[in-house]
Amino acid sequence: MMNQTPILVSEQPPHVEPPSRLRYLKWVVLALIVGAAGYAVLNGGLTKDTREELPPMDLPPRESTMVTVDAVQYRPVQRSIEAIGSLHPFEVFKISSQVEGKVQQLYADVADQVGPQHMLLQIDPTDYQLAVNQDQSALVAELSKIGISEEQLPRFQVLDVPMVNHARLKMEHAKQKTVRYSSTPDAFSIDERTNAKNDYELSTSEYANQILQANSILAMAKMKAATLELSRKKLKDTHIMTPDFQRTMPGVAGEVQFEITKRHVSEGMLLRPGTEVYELMITQVIKLKLAVPERYMLDIQPGQKVLVEIASQKEPVEGVVRRINPSVNVESRTVEVEVDIPNPTRTLKPGSFARAKVLTRVDNNACTVPLTAIYTFLGKNRVFVIEQGKVKVYDVELGIQTRDWVEIVEPKLPKTAQLITSGHALLSEGMPVQIRGEK
């Protein structure tokens, strides 16, 4: 028998979890159980209404709210279109020099009021006066050839020239002599008849030559007269005047007056033709140019009254629509409307900003309510009407407003409607109300 060697097995003690970790696991399991139970209760047990149904209660009727009322009024309302714009002068004039020269003297300055054909400034006229004298002398010398004056030149005829008249008489005499010799050939020799015929032909040529010379002299005289007239005009243009304004202006009965707004020159300054020297404007009537939205262009007509508010005026001023531009501005989609405003005292100044109200028509049957009947809540305008003792609420669109009343555009309220004017915040649709003072 073989000897078996015993195998020694070492025994190790079993692994035991620490007590703290076991306690942690127990608490986690407990929390999960509690959470599951709570979820079941919330989703199952509480969804069931286990409350006992109570019998209906007989509530006492709600007490009516005391309110004050007013009536709807239908009245005439003036329709208008509001627009903004700027004031402009009735007319603007830019005065320029027509001739070259040095400014000799100024007769007007900025803010002066002057009438038509008033002297503004004087350009040195010395050179232009000498040119007039020279051209006049040349014309007189030319006219002396035909024996007429400058005043006779426009209506003078060639046959009135003395040389032409003399040649005509000679021709007629030679013609009569030739006719006499030809009618009695036996009484005159051939040489006499030949000489008479030659004299007639010569006088005819002389007459035609004198007419040509007279026409040439007259043409030269007219050319020199035109040169003299041009020199006189240049001399006159050394006096720069205000325009001779002849147009009629609405509301202005007397003479037009110009106001000087700019002066561009001073004494001693050398001017060239076309140099701007003054700027004038007429302000006895002021133009208001309005930009009116195109949707209103058919409502505005010439002759309509306009009320204009200007910051410098305490009260609105009145004007009249004069012109309406037939085209629409493609950028702003507006139509330009011109309004004439009388300005006899010149208190309205061009360039001022203005708000205008164009009075278009009168609506004779507009629905209006007192201001106290309007209640605004969350941006909506409402009125409260009593219908069968209860509140009926209407959302309304407002129109023209004054200090006492406001127009209701939509909906149209009946004339018999009783409008609540107090306690709006306490009212709601269908609430019973009682008019204060009624039993």
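Annotation: extensible slack from THR68 through MET431 equals 129.2 nm (criterion: 0.36 nm per residue apart, minus Cα-Cα distance).
Here's the picture: a label point sits 7 Å out from the Cα of LYS412 along the beta-carbon direction, and within the range 357-382 the residues with their amide nitrogen under 15 Å of it are 363-368. How large is the helix-only mean residue ellipticity at 222 nm for the chain, computed as the sum of -39500 (n - 2.57) over DSSP H runs with n ≥ 4, divided by its residue count, in deg cm²/dmol to the nearest 500? Taken over the chain, the calculation gives -9000 deg cm²/dmol.
Each label point was placed 7 Å from the Cα along the Cα-to-Cβ direction; for GLN134 and VAL252 their separation is 4.3 nm. Quick one: check the C-alpha center-to-center distance for the range 376-405 versus the range 246-263, whole angstrom. A separation of 53 Å, based on Cα centres. Under a model in which nothing but the beta-carbon of Lys, Arg (+1) and Asp, Glu (-1) is charged, the range 264-323 shows a dipole of about 220 debye around its Cα centre. Across all Cα atoms of the chain, the radius of gyration (one decimal) and Dmax (whole number) stand at 54.7, 221 Å. Each of ALA291 and GLN157 was given a label point 7 Å from its Cα along the Cα-to-Cβ line. The distance between the two points is 6.8 nm.
Computed from the Cβ-Cβ distance with R0 of 25 Å, the FRET efficiency linking GLN117 to MET269 stands at 0.60. For LEU121, nonlocal amide neighbours, meaning residues 5 or more places apart or on other chains whose placed amide H falls under 5 Å from its own, are TYR107, ILE240. Expressed as an acute angle from 0 to 90° and rounded to the nearest 10, what is the orientation of the C-alpha long axis of helix 190-237 relative to the principal long axis of the chain? The two axes meet at around 40 degrees. Full extension of the segment from GLU201 to LYS236, taken as 0.36 nm per residue of separation minus the current Cα-Cα distance, would add 7.4 nm. Backbone N atoms of the range 239-258 closer than 19 Å to the 7 Å Cα→Cβ label point of ASP124 belong to residues 239-240.
What translational diffusion coefficient, in µm²/s and rounded to a whole number, does the Stokes-Einstein relation yield for the range 112-241 at 20 °C and a viscosity of 1.002 mPa s, taking the hydrodynamic radius as the Kirkwood radius over Cα pairs? Let's see the in-between values first.
Values: Rh = 18.6 Å.
Answer from the Stokes-Einstein relation: 115 µm²/s.
About the centre of its Cα atoms, the chain shows a dipole size close to 600 debye [charges on the beta carbon of Lys, Arg (+1) and Asp, Glu (-1) only; nearest 20 debye].
For the chain, the longest principal axis of the alpha carbon atoms and the long axis of helix 162-183 meet at an angle near 50°. Short-range pairs are left out: with C-alpha atoms under 8 Å and at least six residues apart, the relative contact order of the chain is 26 percent.
What are the trypsin sites (Lys or Arg not before Pro) within the range 65-171 that DSSP puts in a loop, where the Cβ has at most 15 other Cβ atoms within 10 Å? Before the final figure, lay out each step's value.
Numbers: sites: ARG79, LYS94, LYS102, LYS145, ARG155, ARG168, LYS170; in loops: LYS145, ARG155.
Those that pass, being in a loop and sparsely packed, are ARG155.
For the range 235-310, the fraction of C-alpha pairs farther apart than 21 angstrom is 54 percent.
Read the figures in this text as sums done on the coordinates, not as results from a lab. Since the structure is predicted, the reported quantities are computational estimates derived from the model, not experimental observations. Virtual Cβ from ideal backbone geometry, glycine too; neighbours counted across all protein chains shown.
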